[in-house]
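One structure below.
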Amino acid sequence: MTNGASPKRLSVPVAQYLCLAILFAGAMLFQIRYGQDIWRTDRIDAPFIAPATASASLEIVRPAAEKLGLRTGDTLLAVNGQKFTGTAVLAEAYAKARPGDDIELRVKSAAGEHSVHLPVTPGTTTLSQVIFDVLLYIAAPTGCVLLGCWVVLVRPRDKLAWILLGLMFCFSQMLSSLKIESWGPGYRDVAMAYRSGLGAGWPIFMFLFGFFFPEPFPFYTKMRSSRKWIPVLVIAPILVYVLLVVSVSITEMTDYARARDILQEFHVLDAVLRTYLYFVVGFGFFSSIFTKSAMAVSQDAKRRLRLLYWGATVALVPLFLFTMAALFRGKNIYDIFPDWLIGVGLMLTTIFPLTLAYVIVVQRAMDVRVVVRQGLQYGLAKSGIRALQIAMIIAITLTATSWIGQSQHRPTKIILVAATVLVGFSVSRGADRLRRWTDRRFFREAYNAEQVLSELIDQVRSMVETRPLIETVATRISDTLHIPRVAVLLNGGGPFHPSFALGYDTAPDVTFPVGGGTVRVLEKQKEPARVYLDDPNSWLYREPDVGDEDRAKLAQLQSELLLPLSARDKLLGFISLGPKLSDEPYSGTDVRLLKSVAAQTGLALENARLMSAIANEIAQRERLNREVEIAREVQERLFPQTLPPIIGVDYSGACRPALGVGGDYYDFLALPGGQLGIAIGDVSGKGIAAALMMASLQASLRGEATRAPENLAALISNVNRLVYEASSSNRYATFFYGQYNPATRLLTYVNAGHNPPMLFHRSAQDWQISRLETGGTVVGLLESFPYQQAAVTINPSDVLIAFTDGISEAMNNADEEWGEQPLMETVASCAGVSPSEIIARIMLAADTFVAGARQHDDMTLVVLCAQPKE
């Protein structure tokens with residue numbers, strides 16, 4: 001039933017949005033200035049050196065600088081004649097350098113004091129290095145800032161969203177370079193405090209995120225209010241470490257000696273805090289995520305947590321190992337590892353924010369898209385986006401002011417002012433469009449529709465009861481795509497009538513006769529049909545059999561899309577889907593997914609009806625022979641009743657059970673592109689159980705093959721899994737499946753433990769015989785198995801023979817087997833004979849050999865011959 005209640009309107013969290021706008025503007029301003037420095041640096045080349053923390057001793061000396069006589073451990077005395085008092089002196093020299101200049105260094109080494117000139121040349125940075133710098137120092141940090149701000153924008157009251165924001169800001173400043181020190185007094189102090197504080201504070205947010213994501217530990221939620229001090233007590237020592245790092249980083253820019261004194265005062269504490277940091281990250285984050293993944297009940301929660309755990313492991317462990325190796329050996333990592341390996345380690349760190357983004361947005365860990373759908377339409381669309389708009393205008397204005405202040409030409413200033421006004425106007429226009437687009441685009445469930453509907457496709461295959469089947473399908477479609485009105489109409493031996501309906505005030509009182517116009521259209525086109533009652537060019541008005549009565553019934557159902565439920569070219573029913581809550585039309589992706597759901601539902605309905613027929617018959621019959629007769633009838637329905645005409649190939653098949661019900665199976669499938677699917681199998685056992693497993697095998701194959709995949713190995717793997725899940729542990733089947741393409745004459749196949757089919761190739765007067773053996777083990781015995789596929793060419797004169805062991809192992813009264821050699825001789829004598837005649841001759845030869853002895857096993861044959869191209 002529909003619910004007319006309107007969503008609750010929450011007050012706009014102005015303080016949170018204002019704080020977010022300030023943080024976003026500051027972060028983007030920092031990233032813009034930092035990006036400019038990175039870009040400028042790539043345009044010049046100068047041998048790079050860097051002193052150790054709070055020291056004048058060189059810690060990093062790149063190979064170009066070593067060639068000029070500099071060594072690690074040399075003491076830096078002066079830069080361009082200015083006494084070296086801190087890193088700002090060196091950074092400003094690099095920043096002011098232009099091609100053709102020299103950076104003069106006065107250093108003290110073991111050999112005494114001497115001067116070294118670092119030549120500055122035009123940039124020869126390779127494209128790969130530029131891409132590396134842009135990705136690592138510009139794109140990745142900016143992406144971290146945007147992700148964190150976006151999550152807080154849509155969940156401003158969520159504590160976990162703010163923790164994620166802090167974590168993303170920290171990761172944006174994990175990597176440093178000698179740039180901020182050259183920004184000038186005041187500005188560089190604030191920027192350095194921002195960078196070093198975030199760079200050192202990431203363990204705080206790693207711990208908090210691991211502790212609270214996706215929910216706190218049960219023991220924490222059950223404790224009294226004093227529990228709030230647990231995280232505070234854990235992060236308090238790290239806050240001390242952050243303050244120490246910030247103090248040293250700011251001080252060493254202008255007075256490294258004072259910074260060194262600070263470090264010496266806290267030398268013991270520094271070592272203890274570093275150890276504590278690794279402990280907090282290791283146990284506070286990794287152990288928390290790993291433990292929660294083991295404790296999680298939901299498979300979705302397990303998947304998210306494991307994905308996050310391994311993403312963080314791959315991203316952070318390599319660089320951690322590099323750092324530990326450098327600390328253990330007392331050297332810089334650049335002196336131990338090659339540049340390319342360090343570069344790989346640095347690039348791997350970007351996996352962590354990418355994993356977070358994937359887990360949060362795609363895997364729906366924080367239901368961000370639901371919040372967008374529910375909140376933006378009422379509050380955030382008017383206030384949240386406006387806050388983002390204001391933040392962007394602030395960032396643009398600050399950036400433009402900075403550029404205008406640096407420009408010395410009045411025309412340039414006028415152009416910059418005009419550009420700023422234009423960009424501000426564009427941002428306002430874009431924000432208005434964004435509000436309208438968001439309201440329509442995100443008005444969906446937080447589920448990944450493709451994933452949910454794909455899971456539904458797998459789920460319906462194993463359902464054998466009609467009512468639970470149609471309820472599950474209708475409910476999941478409604479919930480996933482936010483369709484309030486869904487009706488499933490089935491043919492119960494008469495007209496199509498609603499068997500299940502969602503979202504209607506009263507049950508729809510409509511019926512569609514079997515020969516009616518709507519039913520005929522669905523039977524003929526076998527595709528989802530869009531319902532446009534207001535379009536005179538629609539099929540509702542074009543088709544002569546569709547009258548006012550049909551249109552009135554569809555209007556009563558409020559249909560926008562009809563999904564036919566078919567099996568074996570027979571329409572079993574159809575699903576009527578009403579409009580989405582967002583009024584958004586059904587996209588091509590929606591229709592494609594819904595078509596797959598409908599196809600599997602149709603097959604499941606047919607299986608449900610067959611299973612129901614078997615159950616009803618068995619309940620009414622008292623004797624075992626009647627039970628066998630029912631199963632035999634069901635089995636006959638499973639064999640191809642007609643052979644789909646495929647241009648370029650002639651084929652036939654036959655099965656003669658040993659008892660009333662056999663365990664052999666064969667099938668032909670007409671596939672897209674004029675291809676032919678060929679299947680033959682031998683189910684273990686006989687009787688009812690074998691027939692039921694055969695039905696499961698056929699349903700699984702047809703369900704997978706309808707997608708016409710090229711990867712047959714994966715197809716058989718899926719069939720194996722489905723049969724394994726639907727059968728008992730002692731049931732399995734040998735199975736061969738191939739897809740023949742008459743256009744290319746290629747037969748692609750997988751042999752799952754079946755008797756290898758024989759391909760007879762005529763060469764002059766002789767026959768060359770190939771055995772089709774590639775594949776794997778039987779289906780249904782193991783839960784998973786890595787199957788392989790192969791391909792062979794079938795020319796017009798070739799003959800493909802697929803058979804079960806009932807043919808080759810046919811026995812006479814002396815318990816002698818007929819064998820494969822007589823089979824091959826019989827086929828060799830059938831040159832130019834049709835496939836059906838070849839089958840008749842093989843059966844006759846086998847019967848002649850057994851001479852009236854009792855048939856011990858089912859005898860099944862499939863024969864295929866390629867036809868010459870016309």
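The values are calculated or read from the model by the stated rules, or taken from the named source; none is laboratory data. Fair warning: this is a prediction, and the values are worked out from it, not measured in the lab. Methodologically, a virtual Cβ is constructed for each residue, glycine included, from the backbone with ideal geometry; neighbour enumeration extends over all protein chains shown. In case anyone asks, the SASA skips ligands and DNA or RNA and just uses the protein heavy atoms, side chains included. Shrake-Rupley method; radii C 1.70, N 1.55, O 1.52, S 1.80 Å.
Pairs are defined by a Cβ separation below 6 Å, a sequence spacing of at least 6 or placement on different chains, a first member in the stretch 756-770 that is at pLDDT below 85, and a second member that is among the hydroxyl-bearing types (Ser, Thr, Tyr); the pairs so defined are Arg762/Ser797.
Just one residue in the set Val116, Val130, Val89 is among the hydrophobic types (A, V, I, L, M, F, W, C), more than 26 Å from the chain's Cα centre (by Cα) and part of a strand (DSSP E or B); that residue is Val116. Here Arg373 does not qualify as in a helix (DSSP H, G or I), over 30 Å from Leu58 (Cα atoms), modelled with pLDDT under 75 and open to solvent by 70 Å² or more (accessible area, probe 1.4 Å).
Go through the residues of the stretch 763-782 one by one and say whether even a single one is hydroxyl-bearing (Ser, Thr, Tyr) and open to solvent by less than 10 Å² (accessible area, probe 1.4 Å). Checking the stretch 763-782: not a single residue is hydroxyl-bearing (Ser, Thr, Tyr) and open to solvent by less than 10 Å² (accessible area, probe 1.4 Å).
Within the stretch 510-526, identify whether any single residue is basic (Lys, Arg), out of contact with any Pro (no Cβ under 8 Å at 6 or more places or on another chain) and over 22 Å from Val473 (Cα atoms), and answer yes or no. Yes; the residues of the stretch 510-526 include at least one that is basic (Lys, Arg), out of contact with any Pro (no Cβ under 8 Å at 6 or more places or on another chain) and over 22 Å from Val473 (Cα atoms).
For every residue, the table says whether it meets (1) of a type in the set (D, E, K, R); (2) in contact with a helix residue (DSSP H, G or I) (Cβ under 9 Å, 6 or more places away or on another chain); (3) modelled with pLDDT of 85 or more; (4) surrounded by fewer than 20 Cβ atoms within 10 Å (Cβ to Cβ).
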residue: Asn80; (1), (2), (3), (4): no, yes, yes, yes
residue: Glu113; (1), (2), (3), (4): yes, no, yes, yes
residue: Leu118; (1), (2), (3), (4): no, yes, yes, no
residue: Tyr137; (1), (2), (3), (4): no, yes, no, no
residue: Ala140; (1), (2), (3), (4): no, yes, no, no
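Restricting Pro47, Pro99 to residues that are buried (at least 19 other Cβ atoms within 10 Å of the Cβ), assigned to a loop (DSSP other than H, G, I, E, B) and modelled with pLDDT under 90 narrows the list to Pro47. Residues of the stretch 574-587 that are at pLDDT 70 or above and more than 18 Å from Gln556 (Cα to Cα): Pro585, Tyr586, Ser587. Restricting the search to helices (runs of 4 or more DSSP H) fully inside the stretch 494-571 and requiring at least 1 residues that are within 30 Å of Gln641 (Cβ to Cβ), touching a residue at least 24 places away in the same chain (Cβ under 8 Å) and open to solvent by less than 20 Å² (accessible area, probe 1.4 Å) gives 517-525.
When Thr475 is tested against (1) at pLDDT 85 or above; (2) open to solvent by 40 Å² or more (accessible area, probe 1.4 Å); (3) closer than 19 Å to Ala598 by Cβ; (4) outside any helix (DSSP H, G or I), only condition (4) is not met.
Considering the stretch 150-159, the residues that are open to solvent by 10 Å² or more (accessible area, probe 1.4 Å) and outside any loop (DSSP other than H, G, I, E, B) include one that is nearest to Val14 (Cα to Cα), namely Leu153. Within the stretch 654-675, restricting attention to residues that are out of contact with any Gly (no Cβ under 9 Å at 6 or more places or on another chain) and crowded, with 17+ Cβ neighbours inside 10 Å, the residue that is nearest to Tyr749 (Cα to Cα) is Gln675.
Looking only at the stretch 850-870, count every residue that is surrounded by fewer than 16 Cβ atoms within 10 Å (Cβ to Cβ) and among the hydrophobic types (A, V, I, L, M, F, W, C) and tell me the total. The qualifying residues number 2. Within the stretch 605-653, the set of residues being at pLDDT below 70 and open to solvent by less than 20 Å² (accessible area, probe 1.4 Å) comprises Ile630, Ala631, Val634. Please verify whether the stretch 51-59 includes one or more residues that are part of a loop (DSSP other than H, G, I, E, B), touching a His at 6+ places or on another chain (Cβ under 8 Å) and open to solvent by 30 Å² or more (accessible area, probe 1.4 Å). Checked against the condition, which is being part of a loop (DSSP other than H, G, I, E, B), touching a His at 6+ places or on another chain (Cβ under 8 Å) and open to solvent by 30 Å² or more (accessible area, probe 1.4 Å), the stretch 51-59 yields no hits at all.
Within the set Leu307, Leu346, the sole residue that is under 27 Å from the mean Cα position of the chain (by Cα) and within 26 Å of Arg62 (Cβ to Cβ) turns out to be Leu346.
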